[in-house]
Amino acid sequence: MVLSTQRAAQASREWFEDIGHYVHQHPAQFAFNIVTRSRRVTHDNLRVRDPEFVAATERWFAGDEQAAPPMFQPFRLGSLQLRNRVIVSAMDMYRAADGLPGDFHLVHLGSKALGGAGLVMTEMVCVSPEGRITPGCTGIYTPEQEAAWARVVDFVHAESDAKIGMQLGHSGRKGSTKLMWEGIDEPLPEGGWDVVGPSPIPCSPANAVPRELGTAELADIREEFVGAARAAARAGFDVLELHCAHGYLLSSFVSPLANTRSDRYGGDLDARLRFPLEVFDAVRTAWPAERPMTVRISATDWHEGGIDVEDAVTIARAFAEHGAAGIDVSTGQVVAAERPAYGRSYQTPFADRIRNEVGREVGVAVIAVGAISSWDDVNSILLAGRADLCALGRPHLYDPHWTLHAAAEQGYPGPAAPWPKPFAAGRRRPQTGRTDGPRPRLDLVRKGTSGTRHLRRRPGGGV
C-alpha cells in the first residue's frame, strides 16, 4: 500500500512537472487528464463521483450526443478504419513447426477476432530460419508458411469485423533459445544456430556472443524483410508492424548497450537508427501504400546508459516522418540486467509523452501497451489523451472474448462490439443469483479497477 501511494504521488508530481505537454489539449480532456493524473482516480470511479462531468467529456470525445465508452469509439489508423480502439497485442506462442503456423494459430487468432477487438496482431513472425527466437516461432519465408497465414487471415475476415496485422521481426542476438516454458532466453543445448547482431555483445552472460553483421549481410537481411512483407501482403494482412523493440535485431541496433559499431550504423542515435530506418523504408515501399504500417519500439532500456524517454521521442518521430501510421510503445527486454519499474499501466507514461509531443506534431497514432488489465484502464488512458489505442495481451489469454465482455459489463450494446451471430444468444451478462436488479455501478468500479499481478514477460510478448 505504501509503495502504491508513493507511485501515485510520483505520477502526480511528474504530471505537473510536465504540464507543458498537455496545454494543447481541449479543456474537457485537460480537465479529465488532471483529475486522473495519478492513475488512481479512473474513468469509472470518477463517473460515480461526477457522472455529468464524465458524460460531457465522453460526448466531446465522441463528437456527438450519444457517446459510447471511449474504448468503443472508432479509429482510423492511416487509411484503415478500426471499429474500436482495442488491440490484441502481439504475443509469441511458440507452437510452430519449422516456422509453419498451424491449427493452433488459426484457433488462437480466430478466437481473439471473434472476441470483439478492433485489431488482432500475430506474434512476431520471423523473416528467416535464423531470425527465429526459438524452434517454435513462426515465419513467413516459404510458400507453405504464406499459405498457412492466408488461411488465418481468410477466417478472420470471413467470420468477424476485426482487422488483422502481422508483426514482422528478426531475433538477432536473442535467437536460438528454448521455448518459453523450458527456460526464457536460455540458449538451446543442441540444434541451435548462429546468432547475429550489430556488435559482438551477448544479451546476457549465458547467451552466445553474436557475430557482428557486415554491410553485405545487412543488405541481405533487409531484403528478407522485404520478401516477408510482400508475402504478408499477398496473404491479405491489413496492417504490418515492424518489431524494433525488446532487444531483437532492429532494436539492438538502436540501443547503445548492444551497438558499439564504429561504421555508419553505429555512434550517435541518428546513426544507430540508420539500419532500422533503411529496413522500414524498404518494407514501406514493398507494402501496399493503402495499408498502414506501425512500429513497436522500446521507449527505455531500463538501464543506465541505455535508451531513455528523450531518445524514445526522437525514435518515434523518425519512424513517423518515414511514414509509420502508428507507434506501439513498449519498453525494455534489451539487456538481462534491466531494472523495470513494474506497476499498473507502467509503460503508459512513455506512450503519453510520445502521443502528446510527437503524435500531435506529426499526426501519428500512439498505442499504449503493458499491464493494461481492465476496461476501466483503457477508457481512462484514451479519454485522458495518453494514447489513441490500447493493446492488451494477458487479458485476452485469460478471456478471448474480453472486449465483448467489457461491452456487456458497461451496458454497451452498440456496433463497435458486435457479437458473432452464432454467439448472439449469450451476449447478456450471466445472472449471479441476485434478484434485486442490476449490479450496482460501484461493483463495476471495483471490478474495473482491480490490480494485476505482474508476471515475468515472455520474450517478444510485449504484454
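The values are calculated or read from the model by the stated rules, or taken from the named source; none is laboratory data. The structure presented is a predicted model; accordingly, all values stated were derived computationally and were not measured. For neighbour counting, all protein chains shown are included, and Cβ atoms are generated from backbone atoms with ideal geometry for every residue, glycine included.
With (1) at pLDDT 95 or above; (2) farther than 22 Å from Asp268 by Cα; (3) part of a loop (DSSP other than H, G, I, E, B) as the list, and Ser199 as the residue in question, which single condition is left unmet?
The single condition Ser199 does not satisfy is (2).
Name the residue that is farthest from Ala158 (Cα to Cα), counting only residues in segment 218-272 that are crowded, with 19+ Cβ neighbours inside 10 Å and of a type in the set (Val, Ile, Thr).
The residue in question is Val254.
Looking for something acidic (Asp, Glu), touching a Leu at 6+ places or on another chain (Cβ under 7 Å) and surrounded by fewer than 24 Cβ atoms within 10 Å (Cβ to Cβ) - is there at least one such residue anywhere in segment 304-318? Write out each step before concluding.
Step one: list which residues in segment 304-318 are acidic (Asp, Glu), which gives 304, 308, 310-311.
Next cut, touching a Leu at 6+ places or on another chain (Cβ under 7 Å) only: 311.
Then keep just the ones that are surrounded by fewer than 24 Cβ atoms within 10 Å (Cβ to Cβ); that gives 311.
Yes: segment 304-318 contains one or more residues that are acidic (Asp, Glu), touching a Leu at 6+ places or on another chain (Cβ under 7 Å) and surrounded by fewer than 24 Cβ atoms within 10 Å (Cβ to Cβ).
Just a yes or no: is a residue in segment 119-132 out of contact with any Gly (no Cβ under 8 Å at 6 or more places or on another chain), assigned to a helix (DSSP H, G or I) and either surrounded by 24 or more Cβ atoms within 10 Å (Cβ to Cβ) or not small (Gly, Ala, Ser) (or both)?
Residues of segment 119-132 out of contact with any Gly (no Cβ under 8 Å at 6 or more places or on another chain): none.
No, because not a single residue in segment 119-132 is out of contact with any Gly (no Cβ under 8 Å at 6 or more places or on another chain), assigned to a helix (DSSP H, G or I) and either surrounded by 24 or more Cβ atoms within 10 Å (Cβ to Cβ) or not small (Gly, Ala, Ser) (or both).
Report yes if Phe275 is among the aromatic types (Phe, Trp, Tyr), under 27 Å from Ile164 (Cβ atoms) and touching a residue at least 40 places away in the same chain (Cβ under 8 Å), otherwise no. Outline the logic, then answer.
Working: among the aromatic types (Phe, Trp, Tyr): yes; under 27 Å from Ile164 (Cβ atoms): no; touching a residue at least 40 places away in the same chain (Cβ under 8 Å): yes.
For Phe275, the condition - among the aromatic types (Phe, Trp, Tyr), under 27 Å from Ile164 (Cβ atoms) and touching a residue at least 40 places away in the same chain (Cβ under 8 Å) - is not met.
Can you find a residue that is over 17 Å from Phe275 (Cβ atoms), surrounded by fewer than 21 Cβ atoms within 10 Å (Cβ to Cβ) and of a type in the set (A, V, I, L, M, F, W, C) anywhere in segment 190-204?
So far as segment 190-204 goes, yes, one or more of its residues are over 17 Å from Phe275 (Cβ atoms), surrounded by fewer than 21 Cβ atoms within 10 Å (Cβ to Cβ) and of a type in the set (A, V, I, L, M, F, W, C).
Determine which single condition Phe53 fails, assuming it passes every other condition in (1) free of Cβ contacts under 8 Å to residues at least 40 places away in the same chain; (2) crowded, with 21+ Cβ neighbours inside 10 Å; (3) among the aromatic types (Phe, Trp, Tyr).
Evaluating Phe53 over (1) free of Cβ contacts under 8 Å to residues at least 40 places away in the same chain; (2) crowded, with 21+ Cβ neighbours inside 10 Å; (3) among the aromatic types (Phe, Trp, Tyr) leaves (2) as the failure.
Taking segment 333-358 as the search range and keeping residues that are within 24 Å of Glu321 (Cβ to Cβ) and among the acidic types (Asp, Glu), which one is modelled with the lowest pLDDT?
Across segment 333-358, the extreme among qualifying residues is Glu357.
Go through segment 148-162 residue by residue and tally those that are in contact (Cβ under 8 Å) with a residue 12 or more places away in the chain, assigned to a helix (DSSP H, G or I) and not β-branched (Val, Ile, Thr). Give the steps one after another, and end with the answer.
Filtering segment 148-162 for residues in contact (Cβ under 8 Å) with a residue 12 or more places away in the chain gives 148-157, 159-162.
Of the ones still in play, those that are also assigned to a helix (DSSP H, G or I) are 148-157, 159.
Narrowing further to those that are not β-branched (Val, Ile, Thr): 148-151, 154-155, 157, 159.
Residues in segment 148-162 being in contact (Cβ under 8 Å) with a residue 12 or more places away in the chain, assigned to a helix (DSSP H, G or I) and not β-branched (Val, Ile, Thr): 8 in total.
Look at Ala336 and say whether it is over 21 Å from Leu77 (Cβ atoms), of a type in the set (Gly, Ala, Ser) and in contact with a Cys (Cβ under 8 Å, 6 or more places away or on another chain). Step through it out loud before you land on a result.
Working: over 21 Å from Leu77 (Cβ atoms): yes; of a type in the set (Gly, Ala, Ser): yes; in contact with a Cys (Cβ under 8 Å, 6 or more places away or on another chain): yes.
The answer is yes for Ala336.
Quick one: Arg360 ticks every box in (1) under 30 Å from Ser12 (Cβ atoms); (2) without any contact (Cβ under 8 Å) to a residue 24 or more places away in the chain; (3) surrounded by fewer than 19 Cβ atoms within 10 Å (Cβ to Cβ) bar one, so which box is it?
(2)
I need the full set of residues from segment 166-195 which are over 12 Å from Pro129 (Cα atoms), in contact (Cβ under 8 Å) with a residue 40 or more places away in the chain and either assigned to a loop (DSSP other than H, G, I, E, B) or of a type in the set (Ser, Thr, Tyr) (or both), in order please.
Thr177, Lys178, Leu179, Ile184, Asp185, Leu188, Gly191, listed by residue number.
List the pairs whose first member sits in segment 280-307 and is free of Cβ contacts under 8 Å to residues at least 60 places away in the same chain and closer than 23 Å to Ser255 by Cβ, whose second member is surrounded by fewer than 18 Cβ atoms within 10 Å (Cβ to Cβ) and of a type in the set (Asp, Glu), and whose Cβ atoms are under 6 Å apart, counting only residues at least 6 apart or on separate chains?
Thr300/Asp308; Trp302/Glu338; His303/Glu338
Taking segment 376-423 as the region of interest, how many residues are surrounded by fewer than 18 Cβ atoms within 10 Å (Cβ to Cβ) and of a type in the set (Lys, Arg)?
Adding up the residues that qualify gives 1.
Does segment 359-376 hold any residues that are more than 18 Å from Phe53 (Cα to Cα), at pLDDT 95 or above and part of a helix (DSSP H, G or I), and which are they?
Hit for segment 359-376 is Trp375, nothing else.
Out of Arg95, Arg76, I need the residue that is out of contact with any strand residue (DSSP E or B) (no Cβ under 8 Å at 6 or more places or on another chain), at pLDDT 95 or above and surrounded by fewer than 19 Cβ atoms within 10 Å (Cβ to Cβ). Which one?
Details: Arg76 fails: out of contact with any strand residue (DSSP E or B) (no Cβ under 8 Å at 6 or more places or on another chain).
Going through Arg95, Arg76 in turn, the sole match is Arg95.
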